[in-house]
Amino acid sequence: MDEYSDSEWNWEFYEELVEDVDENKNIIQCISCGKCVGDCPAAKVSEFNIRKIIRKVLRGDKSVLKDSDIWYCYLCERCKRVCPRENINIPMLIINLRNESFKKGYGPKYNDLRKYVEMAERFLTTGVVLEEPLGEKLPQQRIDELNEICNFARIKYVFKASKNKRKKKK
């Protein structure tokens, strides 16, 4: 990890996120051990690196709201389970960053959204986000939450439309 001096840290963005979602205050406890990235399915198939995202947030770098990275997270909570620190909720941070991105008018680029839809399609058809799952299946509560996210994001609609389009081609 890169080293930074105290003068390079700007806590305003972090404080905004904490004000919006109290649970985000715990990201300051991150020790950059890398367990989250090492166990992350999104990091295995994309450039997603939550350590870089956390570093940008803590440095006050709002360009993270324009980054593709925040759209690659599958919200599977593997990072949360392997983190040696207590109560660091990375999926909540990602959701909050996505919301802030939409508020600022950025949102995902088409290519980012396409990857997200591909992940959702795989999840909806097979129940996993990777071809070879990295451990135990998700608990039913998390599956229900992901289905709700898919409903909210209209991913099921997009998936059904692409499925119908493929059927017509055959």
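We did not get these values from a lab; they are worked out from the coordinates using the rules stated. This structure is a prediction, so every number in the text was calculated from the model and none was measured. Positions of Cβ are backbone-derived with ideal geometry, glycine not excepted, and every protein chain shown enters the neighbour counts.
For the peptides 85-93, 40-48, the ranking by mean Cβ contacts within 10 Å, running from highest to lowest, is 40-48, 85-93. Quick one: of K25/K80; K44/K66; K52/K104, which pairs are farther than 18 Å apart, Cα to Cα? Too far apart for the 18 Å limit: K44/K66; K52/K104.
With the gyration tensor restricted to C-alpha atoms of segment 9-81, the semi-axes of the equivalent ellipsoid amount to 20, 14, 11 Å, longest first. The H on the amide N of G107, modeled in the peptide plane, is under 5 Å from the matching H of F102, each at least 5 residues off or on a different chain.
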